[in-house]
């Protein structure tokens, strides 16, 4: 159970801090700034890898968990409990933000710019593909841990959130989008952030096999 609790707490902290940065930026009229939001997401992911990487692998992202299973680095029987605890953590974090900032409109929700869901779908797919491609090449088995993994993965999250956030929200994480969407009351585009991110992560598994040994993704 410890690894499940680690995923719940890690995802809670990720969403509370990341989505919280967006909420606080909104209520303070830009006090955090867009660059600050991007760096916040990258830094909190980096911190969680250092903190729980040895316990659960620090997936804190359903798309990452599913992709690790597709890569045969993670037992398929563990997908449901991992994803369930990740989503619970994200929902609890959003509930906390809603309690603290009930007047916030989007609660840090990820939304396509100008309702252009096609543009955001493709962007989320590619962003998550890049993130998972890096994760697969710097992680140990199904665990994101160590100095190299934390810096590389946190860096990817930071630069992707910084440059793509204004267009699609740069979710790269179904749980990160589910929590805020539930409390904003706007579920119209939630499917996009579940489907595109999961597909992008899975595609990264096959790209990893192109540049690594054939058995690189058979280490369950």
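No lab work stands behind these numbers, since they all come straight from the coordinates. If you're wondering where the values come from, they're calculated on a predicted model, not measured in any experiment. We place every Cβ from the backbone using ideal geometry, glycine too, and count neighbours over all the protein chains shown.
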Rounded to the nearest 0.05, FRET efficiency between residue 115 and residue 77 (Cβ-Cβ, R0 35 Å) equals 0.35
So, by mean Cβ neighbours within 10 angstrom, what's the order for 23-31, 46-54, 63-71 with the highest one leading? 63-71, 46-54, 23-31
Is it possible to state the helix-based mean residue ellipticity at 222 nm for the chain, with each DSSP H run of 4+ residues giving -39500 (n - 2.57), the sum divided by total residues, to the nearest 500 deg cm²/dmol? What is it? -24000 deg cm²/dmol
If you take the square roots of the eigenvalues of the alpha-carbon gyration tensor of the stretch 104-220 and sort them as a ≥ b ≥ c, do you get rounded (a/c under 1.5), prolate (a/b over b/c) or oblate? prolate
Fewest-first sequence of 72, 143 by Cβ atoms within 10 Å of each Cβ: 72, 143
Sorted from fewest to most neighbouring beta carbons within 10 Å, what does the list 41, 121 look like? 121, 41
In nm, to one decimal, how far is the modelled label at residue 84 from the one at residue 187, with both set 7 Å along Cα→Cβ? 2.0
Which semi-axis lengths, in whole Å and largest first, follow from the square roots of five times the eigenvalues of the Cα gyration tensor of the chain? 27, 18, 16
Specify the angular offset, from 0 to 90 degrees and rounded to the nearest 10, of the alpha carbon long axis of helix 34-52 from the longest principal axis of the alpha carbons in the chain. 40
How far is helix 79-100 tilted off the main Cα axis of the chain, in degrees rounded to 10, range 0 to 90? 20
To the nearest 0.05, the calculated FRET efficiency linking residue 151 and residue 122 through their beta-carbon distance, R0 being 22 Å, is 0.20
Please work out the FRET efficiency for the pair residue 163 and residue 51, using the Cβ-Cβ distance as r and a Förster radius of 22 Å; give the result to the nearest 0.05. 0.25
Taking 0.36 nm per residue of separation between residue 33 and residue 5 and subtracting their Cα-Cα distance, the length gained on full extension comes to 6.9 nm
For the stretch 33-95, just say rounded, prolate or oblate: build the C-alpha gyration tensor, square-root its eigenvalues into a ≥ b ≥ c, call rounded for a/c under 1.5, and beyond that prolate if a/b exceeds b/c, oblate if not. prolate
Using only Cα atoms and rounding to the nearest 10 degrees, what angle (0 to 90) does helix 190-211 make with the longest principal axis of the chain? 30
